[in-house]
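To keep things clear, I will list the structure first and then write my remarks on it.
The values are calculated or read from the model by the stated rules, or taken from the named source; none is laboratory data. If you're wondering where the values come from, they're calculated on a predicted model, not measured in any experiment. All Cβ positions, glycine included, derive from the backbone under ideal geometry; neighbour counts span all protein chains shown. In case anyone asks, the SASA skips ligands and DNA or RNA and just uses the protein heavy atoms, side chains included. Shrake-Rupley method; radii C 1.70, N 1.55, O 1.52, S 1.80 Å.
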Amino acid sequence: MNIDMNRTMQETMRLMQAGDLYAATLAIQQGLHGAESTGIRTEMPARSGRAGCIDGQYRVVPGGESDVSHTPGTTEPTDDGSGKGLDGEFREHRFTCDAGSMHYKIFIPTAIAETAPPLIVMLHGCTQSPDDFARGTRMNALAREHGYVVAYPAQAKSKNANRCWNWFRSRDQQRGQGEPAILAALTRHLVKAHGLDERRVYVAGLSAGGAMAAVLASTYPDVYAAIGVHSGLPFGVAHDLPSAFAAMKQGAGTSAAGVPSARTDPVPAIVFHGDRDMTVDPCNGAAIIEQCMGTAAATSDAEPHATRATVERGSVRGGRSYTRTIFTNTAGSVVAEQWLVHGGGHAWFGGDVSGSYTDPSGPDASQHMLRFFSACARSAIN
């Protein structure tokens, strides 16, 4: 190994220790081939308001308070952030529990027919914010139409430089500690404070947010009735930055750690993934389904893997085609639903272009998640 390569490896190790996996990979590529011959950009691409990629860089900064750039408790315009008028209140608050603190925004429609409406917790992707995610998914507008309350927890830049949820860290994959504990405590607080239906509580997310939704399904199956994972990863496939990067690029299959031991029923999951996703490999979407089905088989008293898969193919008028697979158990109940969007990248399908990382040409992920959630309720309160 020559002197230049030694320097390259030293720089790579320094970047790895700093948590900058993207820059570390770039350093290796440039050291082996030179920046010009590889054609690799030396700067992170800027965030796009349209379909695009959330980059696989995770720089973790321990400790610190939330640093969301909004004033807690102030009332925002009563819309979904896109300028389309909505009847409701969209306010920011700060929540603190034994596990830590977190800012969040909550949308409560002005008129809800039910006395105890359901709750959806929406987990944004890297570099996004609650306002951005609300605009892109249009979830507030749909919540008003269907009678849901929607909460948007905000990841602090002090906890992750790109505002990614730390789904890949071992200490943030455990019940009773880290980000799962804060998110579950916030969820329970919202249910109690607003008189919501604890049997109908759901969590959905994009990319890192989708991966954290999968973590919550495995660590707090007694809180969430169903999950929606968009362009995310299954629980337990990574424990640090290198393994996270490997899972994102190549997949890592399912993990036995993802099977909760104190649960008799799996948490139903609806999964969306584009088959041209260059940020999180599409095999991760299939692995989430396999993990869910593995949980069902491991905890069911029925015959192993007693499920039926129904495959449908369709297309959005003037948009993308897709393959939808519905998985039902022997009782006829839907336990999982997988959408593979053909030609789709790393973006929320059917989203509004006023939000980042959206693809309006795909099937409406938000609408289908609400449809899926409407059929899911926990049968017993633990």
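Of note:
- Additional length obtainable on full extension of the chain from ARG276 to THR330, 0.36 nm per residue less Cα span: 16.1 nm
- Accessible surface of MET122 - all protein chains present, 1.4 Å probe, nearest 10 Å²: 0 Å²
- In the full protein context, region 94-217 carries 30 Å² of accessible surface per residue, based on a 1.4 Å probe and ignoring ligands, DNA and RNA.
- Of the residues ILE289, ILE112, ranked by 1.4 Å probe accessible area with the largest first, the sequence reads ILE112, ILE289.
- Using a Förster distance of 45 Å, the FRET efficiency for ARG171-ARG313 (Cβ separation, nearest 0.05): 0.60
- Sorting ILE108, ILE326 by solvent-accessible area of protein heavy atoms yields ILE108, ILE326, largest first, with a 1.4 Å probe.
- Over region 122-219, the hull volume per residue, using the convex hull of the C-alpha atoms, is 97 Å³.
- Potential lengthening of the chain between ASP240 and THR110 amounts to 42.5 nm, from the contour at 0.36 nm per residue minus the alpha-carbon distance.
- Translational diffusion coefficient of region 156-207 (Stokes-Einstein, Kirkwood radius from Cα pairs, 10 °C, 1.306 mPa s): 127 µm²/s.
- Expressed to the nearest 5 percent, the antiparallel share of DSSP beta bridges inside region 96-232 is 35 percent.
- GLU198 accessible area, 1.4 Å probe, all protein chains in place, Å² to nearest 10: 90 Å²
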